[in-house]
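Undergrad: Got a structure for you, questions after.
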Amino acid sequence: MNALSPRLSPAPAMSPPNAARIGIGGPVGSGKTALIEALLPVLQARGVSVAVVTNDLVTAEDAERLRRSGIIDPARVLAVEAGACPHTVIREDPTLNMLAADELDARFPELDLVIIESGGDNLASTFSLDLVDWWIFVIDVAGGGDIPRKRGPGVLQCDLLVVNKVDLAPHVGVDLDVMLEEARHVRGGRPLVATACRAGLNIDQVADAIADAVLLRR
Amino acid sequence: MKTAGLLTALRFGDSAFPGGGFAFSQGLEGLAPLRGATPDADAVAAFLDEQISHRWGPAERVTLVRCHRAAGTGGAAADDDGADTAMDEGALDAVAALDRDLDLSTFSQTLRRGARRNGAAFLAAHLRLGTPGAGAYRGRIASGAAPGTLAAIQGLLWRRAGLDETEAAALAGYQLVAGGLTAATRLGLVGALGAQALMPVLLGRVADVVSRPVAADEEPSGFSPYAEIAAARQARLPLRLFSN
């Protein structure tokens, strides 16, 4: 047999994941890990069983930070090396992240949600829908008020845009109202939440969005 | 090589096929600390040549070829949803035995783990694509009956996907070279054109190795201590880009 489509059978031939899978992407330093640190207690208080996969560019910095935080069982955090390709591991070839999420599903049968944190990248990163059901892109005011105007695929395509560190706007010369208005404009009115993760500002709104999108309301 | 086989090999050999290989350097990332200096193009080529000649050729290739042969003993009638026939059960058991042999013969822990992880990623893609045998073999890995090394799964699934023995071995050799040179490029050891300049000699080595017959009872027998030491060093690096 040497055919291009040998015995094509209906895909996929595997059991569906137990837990919903969401992605959190965004530039380096925008606050992806801080958002997860703020979200975990809120989700846990709502009875959501959560695990996290991190995609650090080098080492397991973010994974270790979460494991040591005391806010999540360290066994619920897995790190996946990105092979110097943070785009590839969440988009073109997400198989290693799929495996990590599958492993968490197998370890914790009661799991409701797997959060897959992208390695810090630029505005072009997007998540494969083979990997996640829904995804967040995080930018921050300290990265520049003009980020929404640059219309990166991450900003445009994500299901929820989080504009973080809004408390810093007066200190970095950003007109927050203009930045948020431009973000709404380039996204055609799709969802956006302004946060200050360190201060816990609007984290409930992000949790609500996750619950509405992929969880039974909790 | 017939056109259909060529196109199938191109499909699976293309970086657009999501098999997880991009995250593995096979120890190349550990080469700099081992040498005490940044490896140049000649060092990269020598490293990969050792992998081809002394590890992949006598070990992974042997397992791949024997798994390819074993996979053909009952696979044509197999379903992919776990309802495989008794005949295919025997074929998959034979593949699993060869898989275990390769795993046990791999001294380096980081390379052994890497072969399993890369095999799992490769299998995950074929599972979702519905390649015959993928589901049943995943069950063997889940039960602990098979470790799931990349070479064994390549032999099984590329056979089931329609590649003949030589095509499958050549494709695996190509991916070893292409993956190694891509890793070297991302590590900044060579440029993209410099990597391409190394290709002809390394692919020539692959062609030479692939042309060597594999006996019906041949066992994996790789010996590449330099690469294994490099892989061990990589595993202890404080900053790592690659899985191994």
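Undergrad: Please determine whether any residue of the range A:82-101 is assigned to a strand (DSSP E or B) and either of a type in the set (Asp, Glu) or under 17 Å from the mean Cα position of the chain (by Cα) (or both).
TA: Here is the first cut: in the range A:82-101, the residues assigned to a strand (DSSP E or B) are none.
The answer is no; no qualifying residue exists.
Undergrad: Now a separate question. Being among the acidic types (Asp, Glu), touching a helix residue (DSSP H, G or I) at 6+ places or on another chain (Cβ under 9 Å) and open to solvent by 10 Å² or more (accessible area, probe 1.4 Å) is the filter; apply it to the range A:95-129 and report the residue that is nearest to the other protein chains (Cβ to nearest Cβ). Reasoning before the result, please.
TA: Initially, the range A:95-129 is screened for residues among the acidic types (Asp, Glu), giving A:102-103, A:105, A:110, A:112, A:117, A:121.
Remaining after also requiring touching a helix residue (DSSP H, G or I) at 6+ places or on another chain (Cβ under 9 Å): A:102, A:112, A:117, A:121.
Right, trim to open to solvent by 10 Å² or more (accessible area, probe 1.4 Å) and you get A:102, A:112, A:121.
Numbers: A:Asp102: 8, A:Asp112: 22, A:Asp121: 14 Å.
My answer is A:Asp102.
Undergrad: In the range A:141-159, which residues are open to solvent by 50 Å² or more (accessible area, probe 1.4 Å) and part of a loop (DSSP other than H, G, I, E, B)?
TA: Once the filter is applied, which keeps residues that are open to solvent by 50 Å² or more (accessible area, probe 1.4 Å) and part of a loop (DSSP other than H, G, I, E, B), the range A:141-159 yields A:Asp146, A:Arg151.
Undergrad: Name the residues in the range B:130-151 that are under 15 Å from the mean Cα position of the chain (by Cα) and of a type outside the set (Gly, Ala, Ser), would you?
TA: Our first condition is that a residue be under 15 Å from the mean Cα position of the chain (by Cα); within the range B:130-151, this holds for B:147-151.
Scanning the range B:130-151 gives B:Pro147, B:Thr149, B:Leu150.
Undergrad: To continue, here is another question. Residues in the range B:1-32 that are surrounded by 14 or more Cβ atoms within 10 Å (Cβ to Cβ), more than 8 Å from chain A (Cβ to nearest Cβ) and more than 22 Å from B:Leu150 (Cβ to Cβ): how many?
TA: Total satisfying the criteria: 2.
Undergrad: Next up: A:Asp167 - would you say it is open to solvent by 10 Å² or more (accessible area, probe 1.4 Å), over 30 Å from A:Met98 (Cβ atoms) and without any contact (Cβ under 8 Å) to a residue 12 or more places away in the chain?
TA: no
Undergrad: So which of B:Gln154, B:Gln234 is buried (at least 22 other Cβ atoms within 10 Å of the Cβ) and under 15 Å from the mean Cα position of the chain (by Cα)?
TA: On the way: B:Gln234 fails: under 15 Å from the mean Cα position of the chain (by Cα).
Unique residue meeting the criteria: B:Gln154.
Undergrad: Between A:Val132, A:Val162, A:Val138, which is buried (at least 21 other Cβ atoms within 10 Å of the Cβ) and assigned to a loop (DSSP other than H, G, I, E, B)? First the steps, then the outcome.
TA: Working: A:Val162 fails: assigned to a loop (DSSP other than H, G, I, E, B); A:Val138 fails: assigned to a loop (DSSP other than H, G, I, E, B).
Selected residue: A:Val132, the only one of A:Val132, A:Val162, A:Val138 that is buried (at least 21 other Cβ atoms within 10 Å of the Cβ) and assigned to a loop (DSSP other than H, G, I, E, B).
Undergrad: Something else about it: Mind checking which residues of the range B:109-147 are more than 11 Å from chain A (Cβ to nearest Cβ) and either buried (at least 24 other Cβ atoms within 10 Å of the Cβ) or in a helix (DSSP H, G or I) (or both)? Explain how you work it out, then say what you get.
TA: At the first step, the residues of the range B:109-147 found to be more than 11 Å from chain A (Cβ to nearest Cβ) are B:109-113, B:115, B:137, B:140-141, B:143-147.
Residues satisfying the conditions are B:Gln109, B:Thr110, B:Leu111, B:Arg112, B:Arg113, B:Ala115, B:Tyr137, B:Arg140, B:Ile141, B:Ala146.
Undergrad: Which members of the range B:25-53 meet the condition of being closer than 24 Å to B:Arg159 by Cα and among the hydrophobic types (A, V, I, L, M, F, W, C)?
TA: B:Ile52
Undergrad: Which residue pairs have Cβ atoms under 9 Å apart, sit 6 or more places apart or on different chains, and have a first residue in the range B:43-63 that is farther than 17 Å from B:Gln175 by Cβ and a second that is open to solvent by 20 Å² or more (accessible area, probe 1.4 Å) and polar (S, T, N, Q)?
TA: Going by the 9 Å Cβ cut-off, the qualifying pairs are B:Pro58/B:Ser221.
Undergrad: Give all pairs with beta carbons closer than 7 Å in which a residue from the range A:98-121 that is of a type in the set (Phe, Trp, Tyr) meets a residue that is open to solvent by less than 30 Å² (accessible area, probe 1.4 Å); count only pairs at least 6 apart in sequence or on separate chains.
TA: A:Phe108/A:Ser49; A:Phe108/A:Ala51
Undergrad: Of the numbered conditions (1) surrounded by fewer than 23 Cβ atoms within 10 Å (Cβ to Cβ); (2) more than 14 Å from chain B (Cβ to nearest Cβ); (3) out of contact with any strand residue (DSSP E or B) (no Cβ under 8 Å at 6 or more places or on another chain), A:Arg76 fails exactly one; give the number of that condition.
TA: (3)
Undergrad: Among residues belonging to the range A:172-218 that are in a loop (DSSP other than H, G, I, E, B) and among the aliphatic types (A, V, I, L, M), point out the one that is surrounded by the fewest Cβ atoms within 10 Å (Cβ to Cβ).
TA: This residue is A:Leu216.
Undergrad: Does B:Pro58 satisfy the criteria of being within 14 Å of another protein chain (Cβ to nearest Cβ) and either closer than 15 Å to B:Arg159 by Cα or at pLDDT 85 or above (or both)?
TA: Numbers: within 14 Å of another protein chain (Cβ to nearest Cβ): no; either closer than 15 Å to B:Arg159 by Cα or at pLDDT 85 or above (or both): yes.
In short, no.
Undergrad: Would you check which residues across the range B:149-171 are away from chain A (no Cβ under 11 Å) and either on the phi > 0 side of the Ramachandran plot or in contact with a Cys (Cβ under 6 Å, 6 or more places away or on another chain) (or both) and list them?
TA: B:Ala152, B:Gly155, B:Leu156
The values are calculated or read from the model by the stated rules, or taken from the named source; none is laboratory data. Every value quoted in this text rests on a predicted model; they were computed, and no experiment measured them. Every residue, glycine among them, receives a Cβ derived from its backbone with ideal geometry; neighbour counts consider all protein chains shown. All accessible areas refer to the heavy atoms of the entire protein, side chains included, with ligands and DNA or RNA removed. Shrake-Rupley method; radii C 1.70, N 1.55, O 1.52, S 1.80 Å.
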